[in-house]
Amino acid sequence: KRKPKALSGGQRQRVAIGRAIVRGPEVFLFDEPLSNLDAELRVDMRVEIARLHKDIGATMIYVTHDQVEAMTLADKIVVLRAGHIEQVGSPMELYANPDNKFVAGFIGSPSMNFVEGLASSGAVVVPAFGNKAFKTDVALPSEGTPVTVGIRPQDITIAASETGAEVDLTEQLGGVAYTYLICPTGERVVVETKGIEAPASGARVLPSLAEDALFLFDPETEKRLR
């Protein structure tokens, strides 16, 4: 009962989607269709678009800056930066096997942590984690050469300690908490923990991680070391 100018931005977007659907096109182009919606409605519409794609079966090209939308809606993701294609693949291919630092940082929420490491013989030394050496089968540059080490927040575990990293703050989200650490090197990392207990600001914790959880990148080219 209202004209388009009387609708909110989110309502206009939903009307536009409906008008496109009834035309029965072979290809849809969605350019950030959920950007003007509030958080709750954005989730509902994301699910609705996934259902529409399943029911209609048409090709949908979906442009978004939101990696959650990309991961949950896509059969195939094309990651673009400055007009260049960085990587193409399924959501889990890009998540588990990124080609470069940009893709690794974009896919995943919270995003991947990046700290400095040093190449050693068959291992990478990470100063932020107490100069611990992590063995690797990756082809590394000459010994002592800097490398960028990527670690996902859920691959880091923390334990109470008198030394180590300092807890900057903790975001408690119920069953999951995000703890922001300041490492002895001054580098900052985010740790994802389960449960309702999380360390308080100012506490000291000792972070640790599994050797197979590391992603290694060239600091200059940002390409993945394999």
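The values are calculated or read from the model by the stated rules, or taken from the named source; none is laboratory data. Quantities reported herein were computed from a predicted structural model and do not represent experimental measurements. Glycine also receives a Cβ, built like all others from the backbone with ideal geometry; neighbour counts cover every protein chain displayed.
Tabulated values for the structure
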| item | result |
| --- | --- |
| The range 175-212: number of residues that are among the basic types (Lys, Arg) and either exposed (fewer than 13 other Cβ atoms within 10 Å of the Cβ) or closer than 30 Å to Leu225 by Cβ (or both) | 2 |
| Residue check, Glu69 assigned to a strand (DSSP E or B), without any contact (Cβ under 8 Å) to a residue 40 or more places away in the chain and out of contact with any His (no Cβ under 7 Å at 6 or more places or on another chain) | no |
| Count of the range 175-185 residues which are touching a residue at least 40 places away in the same chain (Cβ under 8 Å) and under 18 Å from the mean Cα position of the chain (by Cα) | 1 |
| Test: residue in the range 129-149 that is surrounded by 15 or more Cβ atoms within 10 Å (Cβ to Cβ), in a helix (DSSP H, G or I) and either modelled with pLDDT under 95 or of a type in the set (Asp, Glu) (or both) | yes |
| Qualifying position, being at negative phi, surrounded by fewer than 17 Cβ atoms within 10 Å (Cβ to Cβ) and within 16 Å of the chain's Cα centre (by Cα), among Gln172, Gln154 | Gln154 |
| The range 135-160 residues that are closer than 30 Å to Val176 by Cα and free of Cβ contacts under 8 Å to residues at least 40 places away in the same chain, paired with ones that are among the charged types (D, E, K, R) and part of a strand (DSSP E or B) (beta carbon under 6 Å, 6 or more apart) | Gln154/Glu192 |
| Verdict on Ala50 being in contact with an Asp or Glu (Cβ under 8 Å, 6 or more places away or on another chain), surrounded by 11 or more Cβ atoms within 10 Å (Cβ to Cβ) and over 30 Å from Val189 (Cα atoms) | no |
| Top-ranked residue of the range 99-110 - restricted to ones that are of a type outside the set (A, V, I, L, M) and in contact (Cβ under 8 Å) with a residue 60 or more places away in the chain, ranked as farthest from Glu143 (Cα to Cα) | Pro110 |
